[in-house]
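The values are calculated or read from the model by the stated rules, or taken from the named source; none is laboratory data. Just so it is clear, the structure is predicted and the values come from calculations on it, not from any experiment. Cβ atoms come from the backbone with ideal geometry, glycine included; neighbour counts cover every protein chain shown.
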Amino acid sequence: MNAERVERIRAALEDAFAPCAVQVADESHRHVGHAGARDGRGHFAVEIVSAAFAGMAPLARHRAVYAALGTLMQTDIHALAIRALTPEEAHAAASRG
């Protein structure tokens, strides 16, 4: 079930941002027993690299990701960790790391 959710999340992000990289991780197993896990929705982490984020503040990037996910935020996702970077930022981070 969560593998399908991961693919739906990935597809929504790819459609919205045409990213050069996107990773979606299901972290639901880390939250078993958590009150939010009882409603059947999952915990996910997203790392997305797209030129669409150029000129956007971090909060605007997060809002754009939430908007792209639309109803998935109500039906499939309980919690979402987001790392949204431009290609230049991703390159700089890779060079440091």
- Item | Pair list, Cβ under 9 Å, 6 or more apart: the range 12-27 residue on the phi > 0 side of the Ramachandran plot, other residue not acidic (Asp, Glu) | Ala18/Ser50; Ala18/Ala51; Ala18/Ala52
- Quickly run through the range 2-11 and pick out the residues that are surrounded by fewer than 17 Cβ atoms within 10 Å (Cβ to Cβ) and either modelled with pLDDT of 95 or more or farther than 16 Å from Asp76 by Cβ (or both). Glu7, Arg8, Arg10, Ala11
- Message: I'm trying to understand the selection: among the residues of the range 69-89, which are more than 16 Å from Val24 (Cα to Cα) and in a helix (DSSP H, G or I)?
- Response: Gln74, Thr75, Pro87, Glu88, Glu89
- Task: Would you mind telling me which numbered condition in (1) in a loop (DSSP other than H, G, I, E, B); (2) modelled with pLDDT of 95 or more Gly33 fails?
- Result: (2)
- All but one of (1) at pLDDT 95 or above; (2) not small (Gly, Ala, Ser); (3) not in a helix (DSSP H, G or I) hold for His43; which doesn't? (1)
- In the range 39-85, which residue that is among the acidic types (Asp, Glu) and within 12 Å of Ile9 (Cα to Cα) is surrounded by the fewest Cβ atoms within 10 Å (Cβ to Cβ)? Glu47
- Note on the structure: Residues in the range 8-21 that are under 17 Å from Arg63 (Cα atoms) and touching a strand residue (DSSP E or B) at 6+ places or on another chain (Cβ under 8 Å) total 6
